[in-house]
Amino acid sequence: MISITIDVDWAHDEILEKCVSILDEYKISATFFCTHKHNVHIGNNHELAIHPSYNCGESHEKTIKKLMEIYPQAKGVRSHCLYTYSKLYPIYEKYGLEYESNYLMYKLKGMKPFKMINNILQIPIFFVDDTHIVMSKNANFKIEQFNLEEEGLKVFVFHPIHIFLNTRKLKVYQKAKKYYHEPERLKNFYNEGEGTCSLFIRLLNYVEINSIKVYTMNEINNVWRSRTDL
């Protein structure tokens, strides 16, 4: 099962819009883990989940409650920086969240969801764009590295900012970061060569050419719950 997820990370509307438009061009559904209220139209073919940051000085529950008021339809959560803590699970259950996606098992073969406490399903992560760059001195942006024909769950995480910049090296992103909410200035840092956007589009192309079904995270949640006695 393949799933494409987007960690919004407070992206400017123009930057988020570019990400949404690429997915819509390919008619591929994704799950957006949202950090804030934005003004971008994300169609019903996509899923909206929450992406709380627990470093804001508020209680964990208040942070979750605020996001659930914006995205009451959310069934899933991925914490900023993949933060996890056992006392979060009762709060997730209280607010109707059914799955979490915080375990990064970088390019691990044969992954599958597993049960946490409070009936929360953990849907582990196969790939994160910025982690991929950090993990290798010369990051590979070819699709063949993923062996997508092999069995197993493959959850991909991309960030709108890295798609917008076509990030290849994080040191360039760090220079651009001070203009995070200034799209026109960010364009000066766009990488014209191989990069994150190249990889993102190659993944979408592969899915389209091979007629592969891409699941939203809640679809995975529902499929897995129907197959497994949780």
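Quick look at the numbers
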item: Two-site FRET efficiency, residue 209 against residue 140, from Cβ-Cβ distance with R₀ of 22 Å, rounded to 0.05; result: 0.65
item: Equivalent ellipsoid dimensions for the chain as semi-axes, Å, which come from the Cα gyration tensor, largest first; result: 26, 22, 16
item: Separation between Cα centres of region 22-101 and region 130-206, rounded to whole Å; result: 22 Å
item: Of 20, 156, 81, farthest towards positive along the dipole that unit charges on Lys, Arg, Asp, Glu beta carbons give region 2-227; result: 81
item: Sparse-neighbourhood loop sites, GluC sites (Glu not before Pro) in region 149-204 - DSSP loop, at most 16 other Cβ within 10 angstrom; result: 149, 150, 151, 192, 194
item: Extension gain (nm, one decimal) between residue 107 and residue 194, 0.36 nm per residue minus Cα-Cα; result: 29.3 nm
item: Estimated 222 nm signal from helices in the chain, with DSSP H stretches of n ≥ 4 weighted -39500 (n - 2.57), rounded to 500; result: -10000 deg cm²/dmol
item: Three-way shape label, region 1-129, alpha-carbon gyration tensor, a/c 1.5; result: oblate
item: Gain upon complete extension [residue 58, residue 148; 0.36 nm per residue less C-alpha separation]; result: 28.3 nm
item: Share antiparallel - DSSP beta bridges, region 2-227, percent rounded to 5; result: 10 percent
item: Cut-off 14 Å, label 7 Å out along Cα→Cβ of residue 36, residues of region 1-19 by amide N; result: 8-17
item: Rg to Rh, two decimals, where region 39-110 supplies the alpha carbon set and Rh follows Kirkwood; result: 0.99
item: All lysines inside 19 Å of residue 171 as judged from Cα atoms, apart from same-chain residues fewer than 8 positions distant; result: 137, 187
item: Region 1-48: translational diffusion in µm²/s, Stokes-Einstein, Kirkwood Rh over Cα pairs, 4 °C, 1.567 mPa s; result: 119 µm²/s
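We did not get these values from a lab; they are worked out from the coordinates using the rules stated. Predicted model, so just to flag it, every value in this text is computed and none were measured. Positions of Cβ are generated from backbone atoms using ideal geometry, with glycine treated the same way; all protein chains shown enter the neighbour counts.
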